[in-house]
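The values are calculated or read from the model by the stated rules, or taken from the named source; none is laboratory data. The model shown is predicted, which means the values in this text are computed figures rather than measured ones. Note that each Cβ is placed from the backbone with ideal geometry, even for glycine, and that neighbours are counted across all protein chains shown. Protein only, heavy atoms only, side chains kept; ligands, DNA and RNA dropped before computing areas. Shrake-Rupley method; radii C 1.70, N 1.55, O 1.52, S 1.80 Å.
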Amino acid sequence: VQLQAYGGGLVQPGGSLRLSCAVSGRDFSALTMAWFRQAPGKEREFVAAFRWSTRSTHYSGSVKGRFTISRDSAKKAVSLQMTNLNPEDTAVYYCAAARTTAVVTTVNGMDYWGKGTLVTVSS
């Protein structure tokens with residue numbers, strides 16, 4: 001499985017940004033897709049997950065209600081729509097995949113990782 005994340009950039013507080021993760025190399029219907037992020041000096045943390053088999057979504061408490069993870073089957077991609085961004089959302093965002101249809105929200109539970117894309121929230 002190859003993952004390619006893109007869409008990061010600089011955004012002002014209160015603004016929105018959309019990240020996308022292109023998936024290739026495997027029947028993605030058997031995967032759980034997720035976004036993680038890592039802020040400077042902090043550990044990588046779970047942000048959101050999407051189970052392709054059930055179309056269910058899961059979010060960390062810090063982003064629930066502001067971020068939306070969704071799929072684009074035609075493009076074989078998973079997107080993360082981020083709204084009402086604040087400086088605490090500044091981090092490198094990573095797309096990841098796990099070879100399971102179960103919910104996975106841990107770094108060690110993921111089998112594949114894409115390169116990160118930097119999101120900076122600043123005025």
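The residue list 99, 44, 55, 51 contains one member that is on the phi > 0 side of the Ramachandran plot and open to solvent by 40 Å² or more (accessible area, probe 1.4 Å), which is 55.
All conditions but one from (1) modelled with pLDDT of 95 or more; (2) crowded, with 17+ Cβ neighbours inside 10 Å; (3) among the hydrophobic types (A, V, I, L, M, F, W, C); (4) out of contact with any Asp or Glu (no Cβ under 8 Å at 6 or more places or on another chain) apply to residue 118; the one that does not is (2). Restricted to region 64-88, and to residues there that are among the charged types (D, E, K, R) and more than 15 Å from residue 50 (Cα to Cα), the residue that is least open to solvent (accessible area, probe 1.4 Å) is 66. Residues of region 8-39 that are in a loop (DSSP other than H, G, I, E, B), closer than 24 Å to residue 109 by Cβ, at pLDDT 90 or above and open to solvent by 30 Å² or more (accessible area, probe 1.4 Å): 8 alone. Within region 46-59, the set of residues being over 17 Å from residue 101 (Cβ atoms) and touching a residue at least 24 places away in the same chain (Cβ under 8 Å) comprises 46, 47.
Checking the structure you have, find out if any residue of region 53-70 is under 13 Å from residue 28 (Cβ atoms) and not in a strand (DSSP E or B).
The answer is yes, given that some residue of region 53-70 is under 13 Å from residue 28 (Cβ atoms) and not in a strand (DSSP E or B).
With respect to the conditions (1) in contact with a Leu (Cβ under 7 Å, 6 or more places away or on another chain); (2) closer than 12 Å to residue 21 by Cα; (3) assigned to a loop (DSSP other than H, G, I, E, B), residue 85 falls short on a single one, namely (2).
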